[in-house]
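Step one of this worksheet: look at the structure below.
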Amino acid sequence: MSYPKPSDLLLSITSACNHRCLHCSVRAGESEPGEMEFEEFKTLVLDPSISLSIENVAIIGGEPFMKSDLLLKVVKYCKSKGLKVFIGTNGTLITENIASELKRMGVDSIWITIYGVKEKTHEFITQTPSSFKKMLRGLKILSETGINIGIQLVPMKPTWREQPLIVDLVKRYGVEKIEIFRVAPVGRAIDNWGKLLLTKEETHKLEEELIAKVKETEMIIAPAGFATMQTFPRLSKFNEEEVICGSYVSCTAGIRKFYVTAVGNVYPCAALENPYCLAGNIKKNNLINIWCKSPIFQLLRYYLNNPPPPCNTCKKFNICNGDCRSQVFFLTGLLTVPTPECPKVKSGGKKYEKRFICSL
């Protein structure tokens, strides 16, 4: 039996974080017992991933700069193997020395998440005083160091009105690309779901304002990660109507990408970090075996190759893949059905009864 070759590894090097964000999908805070050191990451994660033909490594946490020495070792090793390396961070712990080291190593880009242009707005989400000022300092350091910077937006009810203004804020630091992520229904986001989730009207209004910013500034703004084409159709290539900018990364969880936690758990995606979707643990089973033989990965691949109605006759399925699997799992308790939010599903009258409550 042949198996798909993954291209993307999402790697958490720690659960430790200096923020307590309301929507954090991994409930980051303190380090977990049993978090791996560099040699374990190298032997159990990176080398097998290279054998699987991985091309890109995205390093996250928690907050990866909480373990800056480990972060530098992982980046250095990945770059020595010819991999592209991206870092996701809140930006508050970046120093001139660390930035210079990362620049010398050839890190491909560092992505900072910003929640608003006002200190009060940003820190309402991070739940951490002075985090806005420290984030801007980190952004300035990266800009002055010459590292490629990306910005990630996570529109939420308390923040969405300021999201378009972030474009103007980051332009002065040389930022050329912004990615939008939907709130993932996992972790602390579940605890705060009612006060975070945008209405459809708010989502549409935000999209229109972002489109206006694109026209005004020529900033690249594109849906990514958990935000699928159904969420921001005109900021992607979903519609056959006018496409303003950007591109879409469809859900490739278990197909082209996988996620490894700091303690060695393997999941299809960070947004699917729950016991139902655990593929295995690399301390107990070889990563290559997990990728090839894990039931959860095989289930997702079966779904992709054998989509249910109406996806099986939809010409856009190979682009949207039926929406983010985490979102669908949250809404239905199932992994192998199309999103109930799809207009074609709604018009067909098909309803998927939720099998259990996802409250992890």
Given the chain, longest segment not containing exposed loop trypsin sites (Lys or Arg not before Pro) (DSSP; at most 11 other Cβ within 10 Å): 1-171
Rg followed by Dmax, in Å, when region 148-236 is reduced to its Cα trace: 12.8, 37
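I'm a student and want to see the number: the projected area of the Cα convex hull of the chain, averaged over all directions, in nm².
17.1 nm²
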Cα Rg, Dmax, region 118-198, angstrom units: 13.6, 40
P(r) histogram, all alpha-carbon pairs of region 35-118 included - 5 Å bins from 0, percent: 3, 14, 27, 25, 18, 9, 3, 2, 1, 0
Rounded to the nearest 10 Å², the accessible area of Y77 at probe 1.4 Å: 40 Å²
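What FRET efficiency would be calculated for the residue pair S109, R137, taking the C-beta separation as r and a Förster radius of 22 Å, to the nearest 0.05?
Numbers: r = 19 Å, r/R0 = 0.85.
Calculated transfer efficiency: 0.70.
Roughly what % of DSSP beta bridges within the chain run antiparallel, to the nearest 5?
10 percent
Give the accessible surface of region 285-344 per residue, rounded to a whole number of Å², with probe radius 1.4 Å and ligands, DNA and RNA excluded. Don't jump to the answer; show the numbers that get you there.
Details: 2600 Å² over 60 residues.
Ligands and nucleic acids excluded, the figure is 43 Å² per residue.
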Among the listed pairs K42/K103; K157/K257; K134/K177; K67/K134; K157/K316; K42/K79, those beyond 24 Å (Cα-Cα): K157/K257; K157/K316
Portion, in percent, of the accessible area of region 16-106 that falls on carbon or sulfur, probe 1.4 Å: 51 percent
Simple label model, 7 Å out from Cα along Cβ direction - I220 to S68, nm: 2.9 nm
Label-zone membership for region 14-31, site F124, 7 angstrom Cα→C-beta point, backbone N under 18 Å: 20-24
Binned Cα-Cα distances of region 68-220, short to long, each 10 Å bin given as a whole percent: 10, 37, 34, 17, 2
Residue-wise HN-Hα coupling along region 92-108, computed from phi with Karplus coefficients 6.51, -1.76, 1.60 (Hz; x: Gly, Pro): 7, 10, 6, 10, 4, 5, 5, 4, 5, 4, 5, 5, 5, 6, x, 3, 6
Region 91-107 residues near the modelled E144 label - backbone nitrogen below 14 Å, point 7 Å along Cα→Cβ: 94-100
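How large is the dipole of the chain about the Cα centre if only Lys and Arg carry +1 and Asp and Glu carry -1, each at its Cβ, rounded to the nearest 20 debye? Kindly include the intermediate steps, with their values, before the conclusion.
Values: 47 positive and 36 negative charges, 121 e Å.
The calculation lands at about 580 debye.
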Charge-dipole axis of region 105-160 as Lys and Arg at +1 and Asp and Glu at -1 on Cβ define it, positive-most pick from S109, G138, P155: P155
Signed unit charges on C-beta, dipole axis of the chain, positive-most listed residue G62, A189, L169: A189
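Can you give the convex hull volume per residue for the Cα atoms of region 99-157, as a whole number of Å³? Spell out each step's value before the answer.
Details: hull volume 4.7 nm³, N = 59.
Hull volume normalised by residue count: 80 Å³.
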Positive-end extreme of charge dipole, the chain - chosen from H122, C24, A279 (charges on Cβ): A279
Only Lys, Arg (+1) and Asp, Glu (-1) charged, at Cβ; region 74-122 dipole about Cα centre in debye: 180 debye
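The values are calculated or read from the model by the stated rules, or taken from the named source; none is laboratory data. Keep in mind the model is a prediction, meaning the values are calculated, not measured. Because the Cβ atoms are built from the backbone with ideal geometry, glycine has one as well, and the counts that use them run over all protein chains shown. SASA here: full protein model, heavy atoms, side chains in, ligands and nucleic acids out. Shrake-Rupley method; radii C 1.70, N 1.55, O 1.52, S 1.80 Å.
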